[in-house]
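Before any comments, here is the structure.
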Amino acid sequence: MNNSSRARDLKLISCHACGLVLDNQEELRHSRCTRCDEHVYTRKPNSLSRSWAYLIAATILYIPANLLPIMLTTKMYNTLSSTIVSGVIDLWQDGAWDLAIIVFTASVVVPILKLGLMTFLLISTQRKSTWRQRERTKLYRIIEHIGHWSMLDVFVVALLITLVHFNKLALVQAGPGIVAFAAVVVLTMLSSMSFDPRLIWDTDEPKSSTPPDNGQTNG
């Protein structure tokens, strides 16, 4: 049992939409918030299952996102394709090392870190680990904060397409890799949004009982 009392231990429940704190009474278990009429629950319903599903899908799509070209450049009837890594290499060789570092960080480092850290959080939460719970909660907040920057590569390609359209001698088109990469970013964001960090602190409940992420259950 954790030293700090949880809201569910105090028979309280917070609305996820407006933040109103309600008494977690029998009639409120399957009911709605009295202020905004949103469903109320002590934990996000099926949090771990949905987070795992999004994370696995993102991991699978990350392979074609790196192998398929994200950008097709046509100059004088000569078409060149660029993947994420080859694009970073081209930027570095052209002297734009600062932009190369930014794109590499946002398109390679951040997605890999987010996939790895979300896997760690899900496994440790499912095992009801009591190891560094406060630090793991802070880690989740960091993942949520940096996740949105993963879309930088998509924005760069969109910007290049717009700019090059003013040049009649060149044509830039988005490749199939950009679709897979955008899907990876969206799926990892959905995975972190589906994860309920309060489950990190639910370590005193037996593993054989009903999982706490089933939603409207009183802990």
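The values are calculated or read from the model by the stated rules, or taken from the named source; none is laboratory data. For clarity, every value in this text was computed on a predicted model and none was experimentally measured. Note that each Cβ is placed from the backbone with ideal geometry, even for glycine, and that neighbours are counted across all protein chains shown.
Quick notes on this structure:
- Candidates are the residues of the range 114-141 that are free of Cβ contacts under 8 Å to residues at least 24 places away in the same chain and aliphatic (A, V, I, L, M); the one that is surrounded by the most Cβ atoms within 10 Å (Cβ to Cβ) is 139.
- Filter result for residue 100 (more than 16 Å from the chain's Cα centre (by Cα), in a helix (DSSP H, G or I) and either at negative phi or of a type in the set (Asp, Glu) (or both)): yes
- Residue match in the range 70-79 (condition: of a type outside the set (Asp, Glu), farther than 26 Å from residue 173 by Cβ and modelled with pLDDT of 75 or more): no
- Among the conditions (1) modelled with pLDDT under 85; (2) under 15 Å from residue 58 (Cβ atoms); (3) over 13 Å from the mean Cα position of the chain (by Cα); (4) surrounded by fewer than 20 Cβ atoms within 10 Å (Cβ to Cβ), the only one that residue 211 does not satisfy is (2).
- Reported count of residues in the range 84-97, each being outside any loop (DSSP other than H, G, I, E, B) and of a type in the set (Asp, Glu), is 1.
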